[in-house]
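I have a structure I would like to understand better, so I am pasting it below and will then ask my questions one at a time.
Every read-out reported here was derived from the displayed coordinates using simple, explicitly stated rules and does not represent laboratory data. Just so you know, these numbers come straight off a predicted model, no measurement behind them. Every residue, glycine among them, receives a Cβ derived from its backbone with ideal geometry; neighbour counts consider all protein chains shown.
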Amino acid sequence: MKISKIREMSSPDLEKELGELKQELFKLRFSLATNGLDNPKKISEVKKDIARVNTILTERKLQEESK
């Protein structure tokens, strides 16, 4: 997911997206442990997307607090 796309999303949408990404990460880790994963790099991509979303949420929270 591109950072520009994440910045365009509203905060409630980002919260929802964060939950979906965490669920996807859980499913990927589970499938890796049970039957193997076709593309193990997908786990690191999802982790990076989670970090991006968390970064944008934190930036917005800090901007609101400084006002």
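Among all residue pairs at least 6 apart or on different chains, which show Cβ distances below 8 Å where the first residue, located in the stretch 38-67, is within 16 Å of E15 (Cα to Cα) and without any contact (Cβ under 8 Å) to a residue 40 or more places away in the chain and the second is of a type in the set (K, R) and surrounded by 10 or more Cβ atoms within 10 Å (Cβ to Cβ)?
Listed by first residue and then by second, the contacts come to I50/K22.
Report the residue count in the stretch 1-21 for those that are without any contact (Cβ under 8 Å) to a residue 24 or more places away in the chain, of a type outside the set (D, E), farther than 15 Å from K61 by Cα and not in a loop (DSSP other than H, G, I, E, B).
4
Could you count how many residues in the stretch 41-56 are more than 12 Å from I3 (Cα to Cα) and either part of a loop (DSSP other than H, G, I, E, B) or more than 10 Å from the chain's Cα centre (by Cα) (or both)?
Keep residues of the stretch 41-56 that are more than 12 Å from I3 (Cα to Cα), which gives 41-47.
Next, only the ones that are either part of a loop (DSSP other than H, G, I, E, B) or more than 10 Å from the chain's Cα centre (by Cα) (or both) stay: 41-44.
Residues in the stretch 41-56 being more than 12 Å from I3 (Cα to Cα) and either part of a loop (DSSP other than H, G, I, E, B) or more than 10 Å from the chain's Cα centre (by Cα) (or both): 4 in total.
Consider R29 against the criteria (1) touching a Leu at 6+ places or on another chain (Cβ under 7 Å); (2) in a helix (DSSP H, G or I): it satisfies all of them except one. Which criterion is unmet?
Unmet for R29, out of (1) touching a Leu at 6+ places or on another chain (Cβ under 7 Å); (2) in a helix (DSSP H, G or I): (1).
Which of (1) surrounded by 13 or more Cβ atoms within 10 Å (Cβ to Cβ); (2) part of a loop (DSSP other than H, G, I, E, B) does D38 not meet, given it meets every other one?
Answer for D38: the failing condition is (1).
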